[in-house]
Structure formats: structure tokens, C-alpha cells
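The values are calculated or read from the model by the stated rules, or taken from the named source; none is laboratory data. None of these values were measured; they are calculated from a predicted model. Cβ coordinates were reconstructed from backbone atoms using ideal geometry, including for glycine residues, and neighbour counts include every protein chain displayed. We work out accessible area using only protein heavy atoms, side chains counted, and drop any ligands, DNA or RNA first. Shrake-Rupley method; radii C 1.70, N 1.55, O 1.52, S 1.80 Å.
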Amino acid sequence: MKAAFFRRHGGPEVMEVGEVPAPSPGPGEILVRVRAAALNHIDLWLRGGLPALKVALPHVSGGDLCGHIAGLGAGVGASAGVKDGDRVVVNPGLSCGHCVRCLSGEDNLCDGYHMIGEREWGGEAEFVVVPAVNVVRAPAGPSDAELASLPIAFLTAWQMLVDKARVRPGETVLVLAAGSGVGVAAVQIAKLLGARVIGASASDEKLARARDLGADEVINYRSANLVAEVRRATGGHGADVVFEHTGAATFPSSIRAAAKGGRIVTCGATDGHDATVDLRHVFWRQLSILGSTLAPKGRLHGILQLVAEGKLRAVVDRVLPIEEVAEGHRLLEARAVFGKIVLAI
């Protein structure tokens with residue numbers, strides 16, 4: 001099969017497209033003919049090399065994908081809810097399925113939790129094998145590229161805002177990097193929850209597009225003081241919830257921009273992990289700092305239903321042929337993207 005892969009760690013130039021062995025589904029697994037796969041920052045980090053995560057080379061990345069079922073492994077029957085030929089969205093989270101966390105609907109807290117395309121080969125290829133529990137029948141309306149852009153970003157933003165921060169109508173939510181994949185999801189979900197949304201970015205163009213998605217206020221934190229502008233926009237109150245995922249570069253400002261009793265919820269550190277925290281702000285203003293990683297598998301069903309109803313929508317920056325995967329990596333690394341880059345396969 002055709003696939004995008006790297007044989008060694010390095011920059012975008014190490015990405016190749018060529019023929020690799022095609023997988024076959026084992027018991028309880030489904031073979032998916034991939035039509036579209038979205039890029040994520042984890043793809044860049046894996047390509048560059050992660051000290052704590054050694055992958056066998058060559059490696060095929062990709063945890064966000066949409067395609068059609070091309071084969072069912074032994075034991076996969078009608079109870080799976082899908083059949084050969086069905087168009088499906090793949091849920092990226094993998095877990096043991098047997099521990100207390102998994103059986104309690106908290107599979108993203110399983111000790112063995114990881115994503116498709118992380119330890120084993122992912123979906124930036126013509127075919128991928130996934131557990132039967134990881135496929136969800138696709139809604140009819142959105143394109144393959146739109147559906148592929150949804151799972152990781154929207155699952156992450158959903159858990160952050162709904163399950164962790166518990167956003168309430170009328171609250172103010174500050175979304176950092178509002179033009180990123182997870183940022184555009186956060187703007188929409190916060191608005192769906194009835195919040196007032198302040199979108200922040202270093203790009204005026206991205207901020208204009210964030211307004212189109214529903215942001216009530218926007219702040220360019222490259223040309224303006226983020227904390228002062230949040231205070232101005234909220235009458236000195238601050239943001240009830242700060243949606244933080246950039247890390248060290250913005251975390252100190254996120255702490256100071258939060259309202260008394262505010263919640264800072266974080267899922268990543270794309271601009272560095274070694275953030276400085278002034279604990280005086282945390283205890284005196286009674287702030288909560290909440291960590292979050294993806295979401296339980298079941299959340300994807302509700303998200304896709306909201307997409308089908310037009311209440312949430314995918315944001316695809318561009319679709320590239322798989323042969324241009326290296327260019328996709330360059331664009332994502334340069335932050336020259338609003339929403340998601342998707343590979344057509």
C-alpha cells in the first residue's frame with residue numbers, strides 16, 4: 001500500500017511516500033480504507049524524535065482519519081454497528097478495554113492509553129487496522145476531509161470545556177491560539193455552551209476568521225498586552241475559563257488573565273513545557289489548573305451528531321495529496337494554518 005512515513009528522525013525533509021506492507025485485521029479488528037487523514041502536532045514530534053517515546057522505524061503516523069470499511073476481523077459482527085463498505089470516522093484513542101477506568105467510561109485515563117499512529121502505525125496510508133470499538137459510522141453531510149479533521153481537536157476541546165472546566169452560560173472563555181485545530185474547536189464549543197468567547201492569536205488574519213466562527217472579542221497577543229486586554233474586555237473581571245494549550249510562552253499571562261475563582265485548563269505545550277507559575281496568583285485568587293488529554297471514546301458520537309445538525313463544523317485549512325506530506329509538516333510547523341491540514345489518500 002501507499003503510505004507517508006519516515007525512516008529516520010529529523011525535519012520535514014525526512015518524510016517519504018512509498019510502498020509499505022498492507023495490514024490485515026486480526027480478531028476484533030477492522031480494516032479501514034483511508035480516504036483522508038489530518039495532520040497533528042504529534043506527527044511533527046514523532047518525526048523529530050521523542051526521548052520518552054521510541055518508535056520502530058520506518059514509522060507511519062496519523063491518528064485523525066476517515067475512510068471506508070474494507071474488511072472485518074474474526075469476531076466482528078453485527079454488534080459492531082458497521083459493515084463492509086460503510087464510511088466511518090476513526091476514534092484515535094487506544095486503551096486496554098478491561099481496567100476499571102476503561103469499564104467506567106474513562107478510557108483516556110487507562111494506564112495504557114495512547115493514540116493510533118503513536119506506538120503503532122497510523123492512518124497516513126491507504127489502509128489501517130483499528131479495534132472495532134474505534135470506528136464510528138460517519139454522518140452523511142460532511143466530506144471525508146472535514147470528518148478527518150474532527151476527532152483529536154474536537155474530543156480534546158470538548159473534554160476541556162465541558163467535562164473539566166464545566167463552562168456555564170454567560171461565563172467568559174479565553175481561547176489561546178484560536179486559529180489552531182483545537183482552538184477553532186474550542187471557540188465553537190464555548191459558544192455552543194452559551195459563553196462569551198475571547199479569541200487570542202498572534203495573527204490578525206486568524207483573529208478575523210475566529211470572529212467568523214463566533215468569537216465575541218479578539219486579541220493579538222503579539223501586538224497587545226494579553227492580560228491588559230482581557231481585563232479591559234471583561235471590565236476588570238478576567239476570564240472565567242482560560243483554554244490553554246500553547247504552554248510556556250503564554251502560561252504566565254494565562255494565570256494573570258484568569259478571574260478570581262477561574263479555571264485554567266490545558267492540553268498541550270506547543271511553545272514549551274517548562275512554564276513559570278506564580279503561586280501567589282493561584283492561591284490568593286483561588287484558581288484551578290486542570291490537565292486534560294483527549295476524551296473518552298463515547299464523546300465522539302455526540303460530537304458527530306452536533307456536526308450533522310450544523311451546530312459544530314469542521315475547519316479545514318487545505319487538503320493536500322499525500323505526496324505533499326512534507327509540505328504539510330512545514331506549514332503546520334510554521335503555524336501557517338487556520339484549522340487543520342488534511343491529506344487526501
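In region 85-137, the residue that is nearest to ASP43 (Cα to Cα) out of those that are surrounded by fewer than 19 Cβ atoms within 10 Å (Cβ to Cβ) and of a type in the set (Gly, Ala, Ser) is GLY112. Taking the listed residues ALA157, ALA145, the one that is within 29 Å of VAL82 (Cβ to Cβ), open to solvent by less than 10 Å² (accessible area, probe 1.4 Å) and part of a helix (DSSP H, G or I) is ALA157, with no other qualifying.
Does at least one position in region 55-74 carry a residue that is within 21 Å of the chain's Cα centre (by Cα) and over 24 Å from ALA148 (Cβ atoms)? The answer is no, given that none of the residues of region 55-74 is within 21 Å of the chain's Cα centre (by Cα) and over 24 Å from ALA148 (Cβ atoms). For the condition surrounded by fewer than 14 Cβ atoms within 10 Å (Cβ to Cβ) and touching a helix residue (DSSP H, G or I) at 6+ places or on another chain (Cβ under 7 Å), LYS340 does not qualify. Residues that are touching a Lys or Arg at 6+ places or on another chain (Cβ under 6 Å), free of Cβ contacts under 8 Å to residues at least 60 places away in the same chain, farther than 26 Å from PHE338 by Cα and open to solvent by 30 Å² or more (accessible area, probe 1.4 Å) are absent from region 236-254.
Just so you know, in region 262-280 the residues that are of a type outside the set (Val, Ile, Thr) and over 23 Å from THR156 (Cα atoms) include one that is least open to solvent (accessible area, probe 1.4 Å), and it is ASP278. Looking for something hydrophobic (A, V, I, L, M, F, W, C), free of Cβ contacts under 8 Å to residues at least 60 places away in the same chain and more than 30 Å from GLY81 (Cβ to Cβ) - is there at least one such residue anywhere in region 1-9? So far as region 1-9 goes, yes, one or more of its residues are hydrophobic (A, V, I, L, M, F, W, C), free of Cβ contacts under 8 Å to residues at least 60 places away in the same chain and more than 30 Å from GLY81 (Cβ to Cβ). Note on region 1-117: enclosed strands (runs of 3 or more DSSP E) holding 2 or more residues that are over 18 Å from ALA326 (Cβ atoms) and in contact with a Leu (Cβ under 8 Å, 6 or more places away or on another chain) are 29-38, 64-72, 87-90. Taken over region 281-295, the criterion of being open to solvent by less than 60 Å² (accessible area, probe 1.4 Å), closer than 20 Å to ALA259 by Cβ and aliphatic (A, V, I, L, M) is satisfied by VAL282, LEU287, LEU290.
In the set (1) open to solvent by 40 Å² or more (accessible area, probe 1.4 Å); (2) in contact with a Ser or Thr (Cβ under 9 Å, 6 or more places away or on another chain); (3) in contact (Cβ under 8 Å) with a residue 12 or more places away in the chain, the condition left unmet by GLY75 is number (2).
Taken residue by residue, region 201-212 has at least one member that is assigned to a strand (DSSP E or B) and either surrounded by 24 or more Cβ atoms within 10 Å (Cβ to Cβ) or of a type outside the set (S, T, N, Q) (or both).
Can you find, within region 1-24, the residue that is nearest to ALA74 (Cα to Cα) among those that are open to solvent by 40 Å² or more (accessible area, probe 1.4 Å) and in contact with a Gly (Cβ under 8 Å, 6 or more places away or on another chain)? Top of the filtered list is SER24.
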